[in-house]
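Input: a single structure, listed below in structure tokens.
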Amino acid sequence: MSNLLIIRFLFVVLLSAAAWVLRPFDFPAPYSAAVGFLAGAAIVLFEIQVRKTTLKRLIGAVFGSLLGILGAYIIALILGHAFPAGSSTISFIEILLLLWMGYVGLMVGATKGDMLNLGGLFGGEQVSSQSFKILDTSVIIDGRIADIVETGFLDGTLVIPQFVLRELQLVADSADSLKRNRGRRGLDVLQRIQKMTQLNVQIFEDDFPNVPEVDMKLIELAKVYICKIVTNDFNLNKVAQLHGVEVLNINELANALKPVVLPGETMRVFILKEGKEYNQGVAYLDDGTMVVVDNAKKMISRTIDISVTSVLQTTAGKMIFGRFDDRMHAVHDKSQSHAERPQAGSREQPSPATGAQATEARGSGVGAAG
């Protein structure tokens, strides 16, 4: 950075000295030096802004401006033949067309430049804007996107908007330790994704100053480039669909990959807490799926077998409803005791269940003898 500052300073000084010696516009030497200094400062500011722009955007701006100037020249030729030559009105219209079409071509070319495929221009396949996937803040902090990318299920280009990076940085600099850890985790995930060679990662400078919410900025950016948003935010998913923007929801993918549970099947769960309704218990599977069990309030902190009654699948997740049956649980305990009973001929001490059965048998024998 210090070397760049020195080079920029020398450039401005040299341009000021050249203006001092050459005196453009027949200005006095001090005024000429001031003009050279202002011109040098303007060029340096322009260079700083250009450095922030991607190469594709610069190429798009050049092509757009050239096409605009060419169109203005053709229209000026037509107007020159239709109206008398030398008219000040025609001269003004020609200048207006030149500036107008050149400016429009420059701005449109710069806006659409990121969608150019330089390889396609030289004979390669053209890449559609549909291959662009925009990452939002929540899916970056979540971290599962890195695992999905690593497996190769996502292709194309991952787009990280500059305003998403700013939001991540604000979260990482938060005074709250929990938010700070989440923000740093998101930055670590981005660094991990950038190191993966099988996927292209681009940072877009596009911003929408008139749109305050980050979610709406993402939707507007997806509209401009006609691409998809990758998120795990349920609300962003719904709003984007209302705006006609395609969404790849990580939570929906996780729900689709969960094992299928059908009504009538038996499953074993650990009752963790009491449910909201009467005599209900709540359990959770290893993947976080909630299981609501009827008639299981008294079985809290115990592992039981339940019968699945229904499964509720929504975009927010899956819920399983089941019912606990005392007879089913008793059969399970009995089969477990049989499995734990020592085999015949072993020298182990009899289990409490075996002793109780022997006592019961002796009592039955006494009754029969009487």
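The values are calculated or read from the model by the stated rules, or taken from the named source; none is laboratory data. Nothing here was measured: the structure is a model prediction, and the numbers come from that model. Here the Cβ is made from the backbone with ideal geometry for all residues, glycine too, and neighbour counts use every protein chain on show.
Among the residues of the range 284-294, just one is surrounded by 17 or more Cβ atoms within 10 Å (Cβ to Cβ) and either assigned by TED's automatic domain parsing to the domain that holds N237 or modelled with pLDDT under 90 (or both), namely T289.
In the range 23-58, how many are exposed (fewer than 12 other Cβ atoms within 10 Å of the Cβ) and in contact with a Ser or Thr (Cβ under 7 Å, 6 or more places away or on another chain)?
Here is the first cut: in the range 23-58, the residues exposed (fewer than 12 other Cβ atoms within 10 Å of the Cβ) are 25-26, 28, 30, 42, 45-46, 48-52, 55.
Filter once more, keeping what is in contact with a Ser or Thr (Cβ under 7 Å, 6 or more places away or on another chain): none.
Of the residues in the range 23-58, 0 are exposed (fewer than 12 other Cβ atoms within 10 Å of the Cβ) and in contact with a Ser or Thr (Cβ under 7 Å, 6 or more places away or on another chain).
Scanning the range 242-258 for residues that are surrounded by 14 or more Cβ atoms within 10 Å (Cβ to Cβ) and in a loop (DSSP other than H, G, I, E, B) yields V245, K258.
Of all residue pairs spaced 6 or more apart or on separate chains, those with beta-carbon atoms under 9 Å, a first member in the range 197-208 that is within 15 Å of L165 (Cβ to Cβ) and a second member that is assigned to a strand (DSSP E or B) and of a type outside the set (V, I, T) are V201/L158; Q202/F132; Q202/L158; I203/P161; F204/P161; E205/P161; D206/P161; D207/P161. Looking across F37, F46, F63, one residue alone is within 30 Å of E205 (Cβ to Cβ), modelled with pLDDT of 85 or more and not aliphatic (A, V, I, L, M). It is F37.
For the range 268-283, which positions are surrounded by fewer than 16 Cβ atoms within 10 Å (Cβ to Cβ) and under 15 Å from S307 (Cα atoms)?
First pass over the range 268-283, keeping only residues surrounded by fewer than 16 Cβ atoms within 10 Å (Cβ to Cβ): 268, 270, 272-274, 276-279.
Those that are surrounded by fewer than 16 Cβ atoms within 10 Å (Cβ to Cβ) and under 15 Å from S307 (Cα atoms): R268, F270.
When residues in the range 208-253 are screened for being under 13 Å from L135 (Cα atoms) and hydroxyl-bearing (S, T, Y), 1 of them pass.
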